[in-house]
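The values are calculated or read from the model by the stated rules, or taken from the named source; none is laboratory data. As the structure is a prediction and not an experimental result, all values here were calculated from the model. Heads up, the Cβs are rebuilt from the backbone with ideal geometry, glycines too, and the neighbour counts pull from every protein chain shown.
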Amino acid sequence: MRSAAFIAASVAVRLGVAGPLQQHKPWFDWDDTEYLIAFGDSYTYVQGTAGYPIYSFIGDYLHLPFTPETLLTNSINQSFFGTAEGGPNWVEYITGCGLKPGLTRPKTCKRQLWDFAFAGADYSLEFLPLHHNFTTPMVNQTQQYLTYAEPVIGKAMEKKKALVAIWIGINDINDSDKLAVDFPTFYSSIHDALFAQSVQPLYDAGYHNYLFINLPPLDRTPSNQKSAAPLPNATMVDWWNESLKRHTSAFAKNHPAAKAMVYDANTFFNSVMDHPSRYGVVNTTDFCPGYLNATVLTDPGAFGCTDLNGYFWFNSGHLTSHMHKVMSADLIPFLRSQTTR
């Protein structure tokens, strides 16, 4: 005999009502995704015409509110200083939005990129101080989005075709590496806050698809490769990444309708550093000292450098645009492999 729950669900389906069988199945298809909503730090931020120069797409910590008109007329500004990488970064590569030099309004893109990441961001003031008084922590980025952007662009979205991307932790682990704390506990506390204060409110607003990216090999930055006691070290990076993986799994278990993915950037980039020639990389230990000057793109020899595409590191802590492109070529198949519908 069929259960009452089965019969009720069947009736709900026939009537076009979302029944229990429909509520608890994730729906994700990268090729059918039309919106990427990004949060994080300088690895993810893109410059906007309504953003803080060289820090954000829109607003800052002292100016979180914005009008619908400001949001909808805001443009991604693709230039040497439009990201922290001297060129396009991963969110632009995987969406194709804002790749061309000059200005691009997200709504004109086939896959729209709405980027609320802020360069220099830690997760929240609860754990670490601001880099600058205008730095928007990630917890405030998600609050900013839900308060001012959700009523404008979110309400018009078919939410199952939106992917929320979160890459945070680069500053958190660097800013806390000398604290007298138990690091596994400290990292876990940050992730507790991330999922309770950012992810859950986004989920409650109807966003059920999430991409989390773990920490790259920060233990192998140019300075750490020269240090006998690198900070952060590989163990600390692993602690952070294990905590992120554990929290993501717990969130997915407690939210059966959610698609929560972790892309393992750490393993990928360690492989690149171990086998650089496979990716057109010739230098994994240093960076070009002329990275602050845009002419380094056209005349790297003037700064004693070779083509920037041959460098793994753009500067002391950021990857080159080429590395973001290389990662994106690996990330897109990963996203496609995660299809659930």
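Is it the case that Phe314 is of a type in the set (Phe, Trp, Tyr), out of contact with any strand residue (DSSP E or B) (no Cβ under 7 Å at 6 or more places or on another chain), within 19 Å of Pro217 (Cα to Cα) and at pLDDT 95 or above? Criteria met by Phe314. With respect to the conditions (1) under 20 Å from Leu99 (Cα atoms); (2) in contact with a helix residue (DSSP H, G or I) (Cβ under 8 Å, 6 or more places away or on another chain); (3) of a type in the set (Val, Ile, Thr), Thr298 lacks only one, and its number is (2).
Annotation note: of Val281, Val262, the sole residue that is in contact with a helix residue (DSSP H, G or I) (Cβ under 8 Å, 6 or more places away or on another chain), among the hydrophobic types (A, V, I, L, M, F, W, C) and more than 17 Å from Phe212 (Cα to Cα) is Val281.
Taking Gln200, is it surrounded by fewer than 16 Cβ atoms within 10 Å (Cβ to Cβ) and closer than 29 Å to Tyr145 by Cα? When the stated conditions are applied, Gln200 passes them. Being assigned to a helix (DSSP H, G or I), within 30 Å of Gly310 (Cβ to Cβ) and either of a type outside the set (Lys, Arg) or at pLDDT below 95 (or both) holds for only one residue in Val262, Val272, and it is Val272. Scanning segment 104-150 for residues that are part of a strand (DSSP E or B) and polar (S, T, N, Q) yields Thr104, Gln112. Filtering segment 140-161 to residues that are small (Gly, Ala, Ser) and closer than 21 Å to Leu211 by Cα leaves Ala149, Gly154.
Residues that are hydrophobic (A, V, I, L, M, F, W, C), touching a Leu at 6+ places or on another chain (Cβ under 9 Å) and closer than 26 Å to Glu158 by Cβ are absent from segment 224-245 altogether. Of all residues in segment 219-248, those satisfying the criterion of being of a type in the set (Val, Ile, Thr) and either surrounded by fewer than 18 Cβ atoms within 10 Å (Cβ to Cβ) or closer than 24 Å to Met261 by Cβ (or both) are Thr235, Val237, Thr248. Within segment 73-107, the residues that satisfy the criterion of being on the phi > 0 side of the Ramachandran plot and touching a Leu at 6+ places or on another chain (Cβ under 7 Å) are Gly86, Gly98.
Where helices (runs of 4 or more DSSP H) fall entirely within segment 1-99, those with at least 3 residues that are modelled with pLDDT of 95 or more are at 68-73, 90-95.
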